[in-house]
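The values are calculated or read from the model by the stated rules, or taken from the named source; none is laboratory data. Note that the coordinates shown come from a computational prediction; the quantities given were computed from them, not determined experimentally. Note that we place each Cβ from the backbone using ideal geometry, even for glycine, and neighbour counts take in every protein chain shown. Heads up: the accessible areas ignore ligands, DNA and RNA and are worked out on the full protein's heavy atoms, side chains in. Shrake-Rupley method; radii C 1.70, N 1.55, O 1.52, S 1.80 Å.
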Amino acid sequence: MKVLVVGGTGALGGHAALHLAARGHEVTITGRGEGAHPATPLTRLPYLRGDYIAGDFPAERLAGFDWVVHAAGNDPRHVPPGEDFDAWLHRANHVALPAFFAAAREAGVKRAVQLGSFYHQAAPGLLAGNSYIRSRQAACEGARAEGRPGFDVMSVNAPFMVGVVPGLPSAIFEPYVQWAKGLIPIPPFAPPGGTNFMSFRSLSEAIEGALERGEPGKAYLVGDENLSFREYFQLFFTAVGNPAPVEEQDAELPLLPDVAIPQGRGQFIRYEPDPAERALLGYRRHDVAAAVAEAVAQFG
């Protein structure tokens, strides 16, 4: 199939693009810059420059693609300096993202996956107090609402993600590895609480499964392992060979600030993905430690 991956120069979109290309699909990636990072194998894929928020993908630019993966939903990291936080997320996730899916339908795309966040499905109690989570719910619902017979739209909603794209820098995992090696002067501790974690590889498999076999209009809550933050960070210390135990401490960790824990420090988001849905999508489980090892190999 001819597949367009929106946000394909980033981590999750890039991994999915490489995975789909390895499975034999003709994959094109999009991004807002000049192209994919030159150290990555993403440079081997055709590139289509554009910003969906700016309306750069009308139907005529999407014509000819069979499938689309939209992996460019906005989160707080994407709000430009000086922009109103809520207004930007409303523009990006409530308005521009569903408009992109409407254009894809008009272009004749057959199947599309919207890659979203897990919070509104796994912890709906957080919706009332968090405009970001509400915007992610709006993106999930708005994209699927554009589906029609002959244009199947599914959402794949993912938890905390762990993994690498070969050659692609990471502002998250590179510091984790350096910290575990003792190169960042922060004691080995983690805040209380935890969440569900999933590897890039498992997610890419889930996206492929949704494209191939997903039920039109379905929002799939995917995930893998429920870990405390202490258990999670201990994986990095173990992987680099540092015997220091990661202790639980009720304090803000600079590498995982409280703003990145919407449920609140000391709280958990635990769930098990539906077994029938996991089987349908065909993604592996128990892959988090392997993903941490890959990050250590890349950034160590």
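Protection proxy ranking, highest mean first, for peptides 131-140, 40-49, 153-162: 153-162, 131-140, 40-49, where packing is the per-residue count of other beta-carbon atoms within 10 Å, averaged.
Translational diffusion coefficient of the stretch 70-216 (Stokes-Einstein, Kirkwood radius from Cα pairs, 4 °C, 1.567 mPa s): 75 µm²/s. Electrostatic tally near VAL162: other residues with Cβ closer than 14 Å to its Cβ, Lys and Arg +1, Asp and Glu -1, net -3.
Counting only Cβ charges, +1 for Lys and Arg and -1 for Asp and Glu, the dipole size of the stretch 38-132 around its Cα centre is about 360 debye.
Rounded to the nearest 20 Debye, what is the dipole magnitude of the stretch 184-224 about its Cα centre when Lys and Arg each give +1 and Asp and Glu each give -1 at the C-beta?
Working: 3 positive and 5 negative charges, 24 e Å.
Around 120 debye, computed over the stretch 184-224.
Within the accessible area of the stretch 48-181, what % is carbon and sulfur when the probe is 1.4 Å and the other protein chains stay in place?
Values: 2760 of 5240 Å².
Taking all protein chains in place, the stretch 48-181 shows 53 percent carbon and sulfur surface.
Say the dipole of the stretch 44-110 comes from +1 at the beta carbon of Lys and Arg and -1 at that of Asp and Glu; which of ILE53, ALA107, HIS78 then lies farthest toward its positive end? After comparing all options, I get ALA107. Computed from phi, the 3J(HN,Hα) profile of the stretch 172-187 under the Karplus parametrisation 6.51, -1.76, 1.60 (θ = phi - 60°) reads 9, 7, 4, x, 4, 5, 5, 4, 4, 7, x, 9, 10, x, 10, x Hz, with x in place of Gly and Pro.
For the chain, what does the helix formula give at 222 nm: sum of -39500 (n - 2.57) over DSSP H segments with n ≥ 4, over the residue count, nearest 500 deg cm²/dmol? All intermediate terms of the calculation are to be shown ahead of the outcome.
Working: 11 runs with 104 residues, N = 300.
My calculation for the chain gives -10000 deg cm²/dmol from helical runs alone.
Placing +1 on each Lys and Arg Cβ and -1 on each Asp and Glu Cβ, with no other charges, gives the chain a dipole about its Cα centre of roughly 560 debye. Per the Debye formula with a single identical scatterer at each Cα and no solvent contribution, what log10 I(q)/I(0) holds for the chain at q = 0.08, 0.09, 0.15, 0.16 Å⁻¹? Taken in order of the listed q values, log10 I(q)/I(0) reads -0.33, -0.43, -1.23, -1.39. Normalised by the number of residues in the chain, the average gap of Cα pairs under 8 Å and 6 or more apart makes the relative contact order 18 percent.
Mean-square fluctuations from a GNM of the chain, with a 10 angstrom spring cutoff on Cα atoms, peak among LEU227, LEU183, LEU203 at LEU183. The shape of the stretch 225-300 comes out oblate: with a ≥ b ≥ c from the C-alpha gyration tensor, a/c is at least 1.5 while a/b does not beat b/c. Neighbours of ALA107, meaning other residues whose beta-carbon lies under 9 angstrom from its beta-carbon, give a summed charge of 0 when Lys and Arg score +1 and Asp and Glu score -1.
Within the chain, what percent of beta bridges assigned by DSSP are antiparallel, to the nearest 5?
Numbers: 6 of 37 bridges.
Restricted to the chain, the bridges split so that about 15 percent are antiparallel.
Show which lysines lie in cross-link reach of LYS218 when reach means a straight Cα distance below 30 angstrom and same-chain residues fewer than eight apart are skipped. Within reach: LYS2, LYS110. What is the sum of charges around ARG77, taking Lys and Arg as +1, Asp and Glu as -1, for the other residues whose C-beta is under 15 Å from the C-beta of ARG77? Taking every other residue near ARG77 into account, the sum is 0. Of ASP56, ASP84, ASP152, the residue with the greatest mean-square motion in the GNM of the chain, using alpha carbon springs below 10 Å, is ASP84. Summed over the residues of the stretch 130-200 and divided among them, the accessible surface reaches 32 Å² per residue at a probe radius of 1.4 Å.
Projecting the Cα atoms of GLY24, VAL95, ILE269 onto the charge dipole of the chain (Cβ charges, centred on the Cα centre) puts GLY24 farthest toward the positive pole. With each label modelled as a point 7 angstrom along the Cα→C-beta vector, the GLU252-ALA54 pair spans 3.4 nm. Amide H to amide H distances under 5 Å link VAL68 with LEU4, ARG111, ALA112, VAL113, where only residues 5 or more positions off or on other chains count and H is placed in the peptide plane.
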